[in-house]
Amino acid sequence: MQSVVKGCLSGDETVWNVFFTEYAPIAMNILNRRVGGLSLEEKEDIIQNTFSKLLKGGLKNFRGSSGYEFLAYFRRIVLK
């Protein structure tokens, strides 16, 4: 997971695209399970905001090393 985080932080668009493609559906799943009553557009806005937060410093603040730790961190950001 650290290599993906480092790749995103370095501005590698390919890594960022792979990261988004992999984690956007996970964010949608989190929202579907935890937040009821939102429209698809509202969920998509939350997902966009999540990735914006990650891009603007959230990835830099991740201190774990495993995929499980990142998923927990990602979930917290999605649900904020």
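What follows draws every value from the coordinates through simple rules; no lab data is involved. Given the structure is predicted, the values throughout are model-derived calculations rather than measurements. Counting neighbours? That spans all protein chains shown, and the Cβs are built from the backbone with ideal geometry, glycine included.
Summary table below
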{"read-out": "Backbone HN-Hα couplings from phi across the range 64-75 [Karplus 6.51/-1.76/1.60, Hz, Gly and Pro as x]", "value": "x, 9, 9, x, 5, 5, 5, 4, 5, 5, 4, 4"}
{"read-out": "Bins of 5 Å, starting at 0 and running to the largest distance - Cα pair percent for the range 2-79", "value": "3, 15, 28, 27, 16, 8, 3, 0"}
{"read-out": "3J(HN,Hα) from dihedral phi, the range 19-35, Karplus parametrisation 6.51/-1.76/1.60, rounded to Hz, x for glycine, proline", "value": "4, 4, 4, 7, 9, 4, x, 5, 4, 4, 4, 4, 5, 4, 7, 9, 10"}
{"read-out": "Hypothetical label at Glu22: residues of the range 44-59 whose amide nitrogen lies under 17 Å (7 Å Cα-Cβ projection)", "value": "51, 54-55, 59"}
{"read-out": "Helical contribution to [θ] at 222 nm, DSSP H n ≥ 4, -39,500 (n - 2.57), averaged over the chain, rounded to 500", "value": "-23000 deg cm²/dmol"}
